[in-house]
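The values are calculated or read from the model by the stated rules, or taken from the named source; none is laboratory data. None of the values given here were measured: they were computed from a predicted structure. So basically every Cβ, Gly included, is an ideal-geometry build from the backbone, and we count neighbours across all protein chains shown.
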Amino acid sequence: MKLLDPHATIEAARQGGYAVGAYNMHNEETCEALLMAAEEADSPVILQVGRAIIPHWGVARSFEMTKRLAEKSGAEVIFHLDHGSWDEVHEAIKLGFNSIMYDGAHLPLDENIASTKRIVEICHSFGIPVEAELGKIPDADEKVDWSDYYTDVEEARRFVKETGVDTLAISVGIVHGVVPGRPQEPISIERTREIKEAVGIPLVLHGASGLSNEEVQGAKAAGVCKFNADTDLRHAFRRGFESVWAQGDRQLEDAMREGRKQMIPATIEKMRQYGCAGRAGGVTRRAAA
Ligand SMILES: [Zn+2]
């Protein structure tokens, strides 16, 4: 394993015109699939402790599993906490995460700014970059009026300036989870570009499952340097799992092995689409050059 400096990794992506993917672990097999995909695609990988595993295992157990498996692999990794609460961020710093997303979205804007600013000060004192999210991102099954949900350009400008966050996750028509068949309108590349011009820092897109290749390429060109994708990979795992289970009662291990097997190419496909495949070692090579 090689632990990547997240700041240098995102900066290399920004300069190189590509993006890095962040994916969730749900158990050992999904974590292994991400590591195997990263090795096979020669890609950096952001291993994300996300909102599904935390209620199930807690931050510490999720991190320990991820770190143990990563250390056995040859992958280049970043340990990232996704949508961390105040307490979870503090726990994550102690555990050894090297990248943090803090979520103060439940607070009114002024309080969100104040608490995010404090988190940035704490994380930066440990050399850890901070991501935050602005604008509401609905769940896949919600019906919404998108004008209320998009990240506001002026709010984003103020938020970034006052908090000092390193990257900003934005809402431009994406959802958490996936819409079956994704019937809704495409994401707004125009709004993405406007936000990027206002804030001047790399942007992040959560809920990037189900996006068309055109949307992904457009978002990258507009300033997105990190995509969070979970649902498409989870579905690949599930297809493998169910293909075994459909044969009647089988061992769970056989089903999970097939889930892992099918999740690997699905992850590699994302890495190619984001443009980070073949970029492992890029940061080191550039620093050494
Ligand atoms: Zn999010």
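Listing for the model above:
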| quantity | calculated |
| --- | --- |
| Val165 within 15 Å of Asp82 (Cβ to Cβ) and within 16 Å of the ligand (Cβ to nearest atom) | yes |
| Condition check for Val204: within 16 Å of the ligand (Cβ to nearest atom) and not hydroxyl-bearing (Ser, Thr, Tyr) | yes |
| Failed condition for Val179, given (1) at pLDDT 95 or above; (2) part of a loop (DSSP other than H, G, I, E, B) | (1) |
| Helices (runs of 4 or more DSSP H) enclosed by region 198-289 - at least 2 residues per element that are among the β-branched types (Val, Ile, Thr) | 231-245, 252-274, 282-288 |
| Residue within region 141-155 that is within 14 Å of the ligand (Cβ to nearest atom), within 21 Å of Gln48 (Cβ to Cβ) and touching a Phe, Trp or Tyr at 6+ places or on another chain (Cβ under 6 Å) present | no |
| Tally of residues being out of contact with any helix residue (DSSP H, G or I) (no Cβ under 7 Å at 6 or more places or on another chain) and more than 15 Å from the ligand (Cβ to nearest atom) across region 207-237 | 8 |
| Selection within region 60-110 - away from the ligand (no atom under 16 Å from the Cβ) and among the β-branched types (Val, Ile, Thr) | Thr66, Val77, Ile78, Ile93 |
